[in-house]
Amino acid sequence: MVMKKGLVIDIGNTRSKAAVFEDGKMLSTVLVFFPSQPESLIDLIELYKPSHSIVVSVSNLPDTLVTFLNQHSQLFILTQTATFPFTSEYATPQTLGMDRAAGVSGAMQLFAQQHCLVIDAGTCVTFDFVTKEGIYMGGAISPGLNMRLKAMHTFTQKLPDVAFEFPKNHIGNSTTTSMLSGAYFGLLGEINETISRYEDQFGIIQVVLCGGDAVLFDKRTKKSIFASPDLVLHGLFKILQLNAT
């Protein structure tokens with residue numbers, strides 16, 4: 001079966017997204033859904049009739065979702081054994097998160113033959129670097145905003161359990177606002193410093209930002225960056241093209 005249209009699904013820690021692609025272009029709007037309720041995908045499938053589907057997940061896939069997708073398409077579950085559009089120098093490829101691999105693949109689609117630093121700001125913040133020659137070198141994993149706040153509460157006796165909201169000032173005037181300032185501006189500083197380190201080593205690089213918290217940082221970094229909320233979905237379709245049979 002020749003793949004014409006593909007359903008791509010990204011299952012994250014906090015939300016899951018699906019879309020249909022054809023020839024590298026997104027045909028549908030992005031659908032946010034619950035993996036435990038795969039029937040919510042049926043309208044998307046009946047409208048576009050994708051021949052293949054691909055799933056990447058940071059956790060175990062529900063059996064009901066796998067069964068549902070197998071009934072309506074030729075399913076490819078992304079693992080480390082897949083063919084990717086890059087070669088890898090990662091020392092432990094068997095431990096590489098497939099969401100990270102999909103993000104890098106998406107960046108290569110958008111910015112071919114350019115050094116790319118992909119920053120995925122979600123539950124964790126991941127930094128992944130691929131050279132203009134298509135060599136994935138690795139990167140870094142860091143706690144996300146809510147994880148930083150939760151850690152301060154969990155590992156101390158008196159700091160409160162604070163839900164993230166954007167700090168009004170970098171000078172906190174209460175314990176809560178001080179924690180918000182530390183979490184946000186600390187991570188913003190980390191992002192700026194990481195970008196500078198890669199620029200010092202590689203010169204001109206393209207920074208691509210994605211993830212649920214990307215909107216909190218895309219206009220506030222010192223360097224110009226490209227925000228792509230659906231980067232992982234674009235990368236998944238490229239990987240599906242390389243692996244569909």
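Of the residues making up segment 90-106, just one is surrounded by 22 or more Cβ atoms within 10 Å (Cβ to Cβ) and of a type in the set (Val, Ile, Thr), namely Val104.
Scoring Gln109 on the criteria (1) among the polar types (S, T, N, Q); (2) crowded, with 19+ Cβ neighbours inside 10 Å; (3) in a helix (DSSP H, G or I) leaves a single failure, condition (2). Taking residues in segment 200-213 that are open to solvent by less than 40 Å² (accessible area, probe 1.4 Å), and partners anywhere that are among the β-branched types (Val, Ile, Thr), the pairs with Cβ atoms closer than 6 Å and at least 6 places apart or on different chains are Val207/Ile195; Val207/Ile225; Val208/Val118; Leu209/Ile119; Leu209/Ile225.
Across segment 130-168, the qualifying residues are those that are in a strand (DSSP E or B) and of a type in the set (A, V, I, L, M), and the one among them that is most open to solvent (accessible area, probe 1.4 Å) is Ile141.
Quick one: is Ile195 in contact (Cβ under 8 Å) with a residue 24 or more places away in the chain, of a type outside the set (Asp, Glu) and in contact with a strand residue (DSSP E or B) (Cβ under 7 Å, 6 or more places away or on another chain)? Show your work before the answer.
Working: in contact (Cβ under 8 Å) with a residue 24 or more places away in the chain: yes; of a type outside the set (Asp, Glu): yes; in contact with a strand residue (DSSP E or B) (Cβ under 7 Å, 6 or more places away or on another chain): yes.
When the stated conditions are applied, Ile195 passes them.
The number of residues in segment 15-65 being of a type in the set (Phe, Trp, Tyr) and surrounded by fewer than 13 Cβ atoms within 10 Å (Cβ to Cβ) comes to 1. Residue pairs whose Cβ atoms lie under 7 Å apart, separated by 6 or more positions or on different chains, with the first residue in segment 157-180 and without any contact (Cβ under 8 Å) to a residue 24 or more places away in the chain and the second open to solvent by 80 Å² or more (accessible area, probe 1.4 Å), are Phe164/Asn146.
The values are calculated or read from the model by the stated rules, or taken from the named source; none is laboratory data. A quick note: this is a predicted structure, and the numbers were derived from the prediction, not measured. Here Cβ is always computed from backbone atoms with ideal geometry, including for glycine, and neighbour counts include all displayed protein chains. Each accessible area value is taken on the protein alone, full model and side chains, heavy atoms only, with ligands, DNA and RNA left out. Shrake-Rupley method; radii C 1.70, N 1.55, O 1.52, S 1.80 Å.
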